[in-house]
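Laboratory data are not the source of any read-out in this text; all were calculated from the coordinates shown. What you see is a predicted model; the values in this text were computed from it and never measured. All Cβ positions, glycine included, derive from the backbone under ideal geometry; neighbour counts span all protein chains shown.
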Amino acid sequence: MSPPPLSQQITFLYTENLEKSAQFYESQLNLKLWLDQGTCRIYHVCGEAYVGLCQTSQTQKVQGQQPNVIFTLVTQQVDEWYLYLQKQGVEFDKPPTYNEKYKIYHCFLRDPNGYLIEIQRFDFG
């Protein structure tokens, strides 16, 4: 069985100063803003590759929940990926759910090194 197709890839980086980070990625690296979600800004890198900058909240820092990197795979077939990976014996941190704030449908798992992987689709419609 082959995995479902992927259409984009996003690496999310977390920052305590979103404005300063955004200025660097826009001015120094000259990346174009692709999507502004308020507390997360996604920049086009090349092809279908993107980097997202997300504001770290005080709550995340206090509770020790601050992630430093999320490797995101974008696909229209989140449920199919979930089922495919479950059959491969992969355990998920979070099954597919809808995130109203960011208008995405996504799930989370970890690689063998503990890095967080997100599989998501955007629901702009």
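For the chain, take the longest principal axis of its alpha carbons; what is the angle in degrees between that and the long axis of helix 78-87, to the nearest 10 within 0 to 90?
50
Of the chain, which part is the longest with no trypsin sites (Lys or Arg not before Pro) in a loop (DSSP not H, G, I, E, B) and with at most 15 other C-beta atoms within 10 angstrom?
By the stated rule (loop sites, at most 15 other Cβ atoms within 10 Å), 1-100.
Name the longest site-free stretch of the chain, where the excluded sites are GluC sites (Glu not before Pro) in a DSSP loop with no more than 12 other beta-carbon atoms within 10 Å.
49-90
Using the 10 angstrom Cβ neighbour count as an exposure proxy, how do Val90, Val69 rank, fewest first?
Listed from fewest to most nearby Cβ atoms, that is Val69, Val90.
In region 8-122, how many lysine pairs have Cα atoms under 24 Å apart, counting only pairs 8 or more places apart or on different chains?
Lysine pairs satisfying the spacing and distance rule in region 8-122 number 8.
Going by a 4.7 Å Cβ-Cβ cut-off, which cysteines of the chain have no partner at all?
Cys46, Cys107 - these cysteines have no disulfide-compatible partner (Cβ-Cβ under 4.7 Å) in the chain.
With N set to the number of residues, divide the alpha-carbon radius of gyration of the chain by 2.2 N^0.38 Å and report two decimals.
Taking the Cα Rg and dividing by 2.2 N^0.38 Å, one obtains 1.09.
How do Trp81, Trp34 line up, fewest other C-beta atoms within 10 Å first?
The order, fewest Cβ neighbours first, is Trp34, Trp81.
Between Arg110 and Asn30, what length in nm is gained on full extension when 0.36 nm per residue of separation is reduced by their alpha carbon distance?
25.7 nm
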